[in-house]
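Trainee: This is the structure I have questions about; it appears just below.
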Amino acid sequence: MDLNAVRTFVVAADEGRFQDAADELGISQQAVSKRVAALEKDLGVRLFTRTARGIRPTTDGEAFLPHARALLETADRARESVRPGRRPLRVDVLGRRSVCAAMLLEFHGQHPEIELEVVTLPNGAAAMAALQAGTIDAAFCAQPTPPPDGVRTMRVHDEPLHLLVGLGHKLADAVELTPKDLAGHRIWIPGIVPGAEWGVFYDELAAAFGLSIDATGPNFGSEHMLGLIADTPELATFWGTGVRPARTEGLRLIPVTAPTPVYPHSLIWRADNPHPGLVALRRHLAKNWRSTRRSATWTASWVREPAPE
């Protein structure tokens, strides 16, 4: 059923003359007559009868009129529900204890009027697929490969990575370390998915400084990993400084310097997404750029977006 024809029928019934309906709708009287005739053909009944003063609904027209109004109200509500800004801004953060989640929480604190829906997808590939399908509005992730046409990226944070060890580890007493100091030590980062963006990052980091990255074993979450590191002297891991570990007893976080490895977080979004909350999020992230404030840093060679000044 043609909603334009239904709307024309309702306006004509309210106005009582085809010419007045045409003026209200901004179309010609002939177009009004054609729409009403097409709707009558679709329904198989006459909707109007002519009078000396104009038109009035037939018995069938009177029966159809309240349903036509309800149909238009439903269509208007459906259209309103997807109008930019009328639905929550859906953003993927990879993990709810990540620095990206912290940045999104900060944004929410400064913009409580923008409704948010936080999504946690498994990796950047899943985030890109969801973005292109339109099921999310934006995602925080790194992008080792150029984004597809129509997808934009913005570098939002360089997160310093330091070494987290248990108190029994050989390096536990160090005040600070260089990446070369870590050579020969087992750096455990469980659950790296082959081809995932953080796997590509750690592969390049390991190659640059001769490190041994151990990705064996499933990832049962940070609590499990931190407990094993605290209890196993030969284990260490990289830990981003954006979020404190869930536990600190039995653990030491040692700064890595000269250079400090930094993980490049970016925001990705579709260029044709008109959600006003997305514009506000990008402005907030640009204004609140988080950098390491260090002169000697290392990051992956594939990082394309320049860091904001």
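The values are calculated or read from the model by the stated rules, or taken from the named source; none is laboratory data. No experiment lies behind these values; they were computed from the predicted model shown. Counting neighbours? That spans all protein chains shown, and the Cβs are built from the backbone with ideal geometry, glycine included. Remember, those area values only see protein heavy atoms, side chains included, never the ligands or the DNA or RNA. Shrake-Rupley method; radii C 1.70, N 1.55, O 1.52, S 1.80 Å.
Trainee: Yes or no: the stretch 44-65 includes at least one residue that is small (G, A, S), in a helix (DSSP H, G or I) and over 30 Å from W198 (Cβ atoms).
Mentor: Within the stretch 44-65, one or more residues are small (G, A, S), in a helix (DSSP H, G or I) and over 30 Å from W198 (Cβ atoms).
Trainee: Just to be sure before I move on: is T260 of a type in the set (V, I, T) and modelled with pLDDT under 90 in the structure I sent? Give the derivation first.
Mentor: On the way: of a type in the set (V, I, T): yes; modelled with pLDDT under 90: no.
When the stated conditions are applied, T260 does not pass them.
Trainee: Separate question: Of the residues that sit in the stretch 192-214 and are closer than 24 Å to A126 by Cβ and open to solvent by 40 Å² or more (accessible area, probe 1.4 Å), which one is farthest from the chain's Cα centre (by Cα)?
Mentor: For the stretch 192-214, the residue satisfying everything is I213.
Trainee: Another question about this same structure. I need a count of the residues in the stretch 128-142 that are more than 17 Å from P194 (Cβ to Cβ) and in contact with a strand residue (DSSP E or B) (Cβ under 8 Å, 6 or more places away or on another chain).
Mentor: Total meeting the criteria: 10.
Trainee: Could you list all residues from the stretch 22-34 that are open to solvent by less than 70 Å² (accessible area, probe 1.4 Å) and modelled with pLDDT of 90 or more?
Mentor: Going residue by residue through the stretch 22-34, those that are open to solvent by less than 70 Å² (accessible area, probe 1.4 Å) are 22, 25-28, 31-33.
Once the filter is applied, which keeps residues that are open to solvent by less than 70 Å² (accessible area, probe 1.4 Å) and modelled with pLDDT of 90 or more, the stretch 22-34 yields A22, I27, S28, A31, V32, S33.
Trainee: Pick out the one residue from L131, L163 that is of a type outside the set (V, I, T), modelled with pLDDT of 90 or more, under 23 Å from S98 (Cβ atoms) and part of a strand (DSSP E or B).
Mentor: On the way: L131 fails: part of a strand (DSSP E or B).
When all the criteria are applied, what remains is L163.
Trainee: On to the next question. Go through the stretch 133-148 residue by residue and tally those that are more than 11 Å from the chain's Cα centre (by Cα) and either open to solvent by 10 Å² or more (accessible area, probe 1.4 Å) or among the β-branched types (V, I, T) (or both).
Mentor: Within the stretch 133-148, residues that are more than 11 Å from the chain's Cα centre (by Cα) and either open to solvent by 10 Å² or more (accessible area, probe 1.4 Å) or among the β-branched types (V, I, T) (or both) number 7.
Trainee: Next up: With the condition kept exactly as written, say whether any residue in the stretch 235-247 is touching a Phe, Trp or Tyr at 6+ places or on another chain (Cβ under 9 Å) and open to solvent by 40 Å² or more (accessible area, probe 1.4 Å).
Mentor: No, every residue in the stretch 235-247 fails to be touching a Phe, Trp or Tyr at 6+ places or on another chain (Cβ under 9 Å) and open to solvent by 40 Å² or more (accessible area, probe 1.4 Å).
Trainee: Okay, next question. Looking at the stretch 216-229 only, could you name the residues that are open to solvent by 20 Å² or more (accessible area, probe 1.4 Å) and at pLDDT 90 or above?
Mentor: Across the stretch 216-229, the qualifying residue is only L228.
Trainee: Here is a follow-up. What pairs can you find where one residue is in the stretch 135-157 and without any contact (Cβ under 8 Å) to a residue 60 or more places away in the chain and more than 13 Å from W302 (Cα to Cα), the other is surrounded by 16 or more Cβ atoms within 10 Å (Cβ to Cβ) and aliphatic (A, V, I, L, M), and their Cβ atoms are less than 9 Å apart, with a gap of 6+ or different chains?
Mentor: Correct list of pairs: T135/V119; I136/V91; I136/V119; I136/L121; I136/A127; I136/A130; P148/M128.
Trainee: Return only the number of the condition from (1) at pLDDT 90 or above; (2) more than 30 Å from I136 (Cβ to Cβ); (3) surrounded by fewer than 18 Cβ atoms within 10 Å (Cβ to Cβ) that A12 does not satisfy.
Mentor: (3) is the only condition that A12 fails.
Trainee: Enumerate the pairs (first residue in the stretch 199-213 and at positive phi; second residue anywhere and open to solvent by less than 50 Å² (accessible area, probe 1.4 Å) and assigned to a helix (DSSP H, G or I)) with beta-carbon separation below 9 Å, excluding pairs fewer than 6 apart on the same chain, so at least 6 apart or on different chains.
Mentor: G210/P179; G210/L182
Trainee: Just for the stretch 149-178: of the residues that are of a type in the set (D, E) and within 30 Å of D137 (Cα to Cα), which one is surrounded by the fewest Cβ atoms within 10 Å (Cβ to Cβ)?
Mentor: D149
Trainee: What number of residues within the stretch 201-257 satisfy the criterion of being among the β-branched types (V, I, T) and either part of a helix (DSSP H, G or I) or more than 24 Å from A102 (Cβ to Cβ) (or both)?
Mentor: Of the residues in the stretch 201-257, 4 are among the β-branched types (V, I, T) and either part of a helix (DSSP H, G or I) or more than 24 Å from A102 (Cβ to Cβ) (or both).
Trainee: Look at G184 and say whether it is within 30 Å of T120 (Cβ to Cβ), over 35 Å from the mean Cα position of the chain (by Cα) and not charged (D, E, K, R).
Mentor: So G184 fails the test.
Trainee: Is there a residue being within 12 Å of the chain's Cα centre (by Cα), touching a residue at least 12 places away in the same chain (Cβ under 8 Å) and either closer than 21 Å to G191 by Cα or open to solvent by 30 Å² or more (accessible area, probe 1.4 Å) (or both) anywhere in the stretch 99-115?
Mentor: Yes, the stretch 99-115 has at least one match.
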